[in-house]
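> Dumping the structure here so I can ask a few things about it.
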Amino acid sequence: LEEDLLPGRSIEGVATSALYAAARQAGTPRSLDEISAVSRVDKMELTRTYRYVIRELGLEVQPADPESYVPRFVSDLDLSDETERMARELLESARKEGVHSGKSPVGLAAAGVYAAALLTNEKVTQNEVSEVASISEVTIRNRYKELLEASDTAAPA
């Protein structure tokens, strides 16, 4: 308001964008899909307004870390601490192998949780993970393969 960013934009769009930016900066990221699902602002307007707000206010917002989504997904799926640890290890291996670059952090986190659940013999379906993370099963399958390949190359021979 003080920076006069509202003219030409909806108050709800700017407020929702500010909330999204605050969550990212506080280290409790939510996806654009999650934010738009609980607001009256569609994803496209939210994206556009968010970019405008951070540019105009000069905010430094780091890309979301896939690992920050893992605890919530594990909890929502009622999985074990062992699965959470394994998911973090898979994501760390993927980071070292450069798999993160250009990929959705939510998709990577969901695939990491799915892969970790399988590796720790916990029963969870791609559909269940997909619903908790609000992403497609196809995304989980694609990222899942990449994570396992990265973990194979990162593992000692």
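The values are calculated or read from the model by the stated rules, or taken from the named source; none is laboratory data. Since we're looking at a predicted model, the values are computed, not measured. All Cβ positions, glycine included, derive from the backbone under ideal geometry; neighbour counts span all protein chains shown. Keep in mind that these areas ignore ligands, DNA and RNA; they rest on the heavy atoms of the full protein, side chains included. Shrake-Rupley method; radii C 1.70, N 1.55, O 1.52, S 1.80 Å.
> Quick check: Cα centre of the stretch 36-92 to Cα centre of the stretch 95-157, how many Å?
15
> When the Karplus curve 6.51 cos²θ - 1.76 cosθ + 1.60 is applied with θ = phi - 60°, which whole-Hz ³J(HN,Hα) does each residue of the stretch 82-88 get, with x for Gly and Pro?
So the J values, rounded to whole Hz, are 4, 5, 4, 4, 4, 4, 4.
> Keeping all protein chains in place and using 1.4 angstrom, which order do 136, 75, 31 fall into by accessible surface area, from largest down?
The ordering from most to least exposed comes out as 75, 136, 31.
> Moving on. So, taking all protein chains as they sit and a 1.4 Å probe, how much accessible area belongs to residue 44, in Å² rounded to tens?
120
> Could you calculate the FRET efficiency of residue 121 with residue 51 from 1/(1 + (r/R0)^6), where r is the beta carbon distance between them and R0 is 41 Å, rounded to 0.05?
E(calc), rounded to 0.05, equals 0.45.
> For the chain, what is the accessible area per residue in Å², given a 1.4 Å probe and the full set of protein chains?
57
> Bins of 10 Å, beginning at zero and ending with the bin holding the largest distance: percent of Cα pairs per bin for the stretch 1-77, please.
Taking every Cα pair in the stretch 1-77, the percentages come to 18, 49, 26, 6, 1.
> Could you work out the relative contact order of the stretch 66-150, using alpha carbon pairs under 8 angstrom and six or more residues apart, expressed as a whole percent?
In percent, rounded to a whole number, it is 37.
> While we're looking at this one, here's another question. Relative contact order, percent, of the chain when contacts are C-alpha pairs under 8 Å separated by at least 6 residues?
20
> In addition: Show which lysines lie in cross-link reach of residue 145 when reach means a straight Cα distance below 24 angstrom and same-chain residues fewer than eight apart are skipped.
Reachable lysines: 96, 103, 123.
> At a 1.4 Å probe, what is the % contribution of carbon and sulfur to the accessible area of the stretch 66-150? Please list the in-between numbers first.
Numbers: 1780 of 4070 Å².
Carbon-and-sulfur percentage of accessible area, whole number: 44.
> Once fully extended, how much extra length lies between residue 85 and residue 40, figured as 0.36 nm per residue of separation less the alpha-carbon to alpha-carbon distance?
Details: separation 45, 0.36 × 45 = 16.20 nm, distance 3.63 nm.
Here the answer is 12.6 nm.
> Can you tell me how much longer the chain between residue 92 and residue 134 gets when fully stretched, taken as 0.36 nm per residue apart minus their C-alpha distance, in nm with one decimal?
12.9 nm
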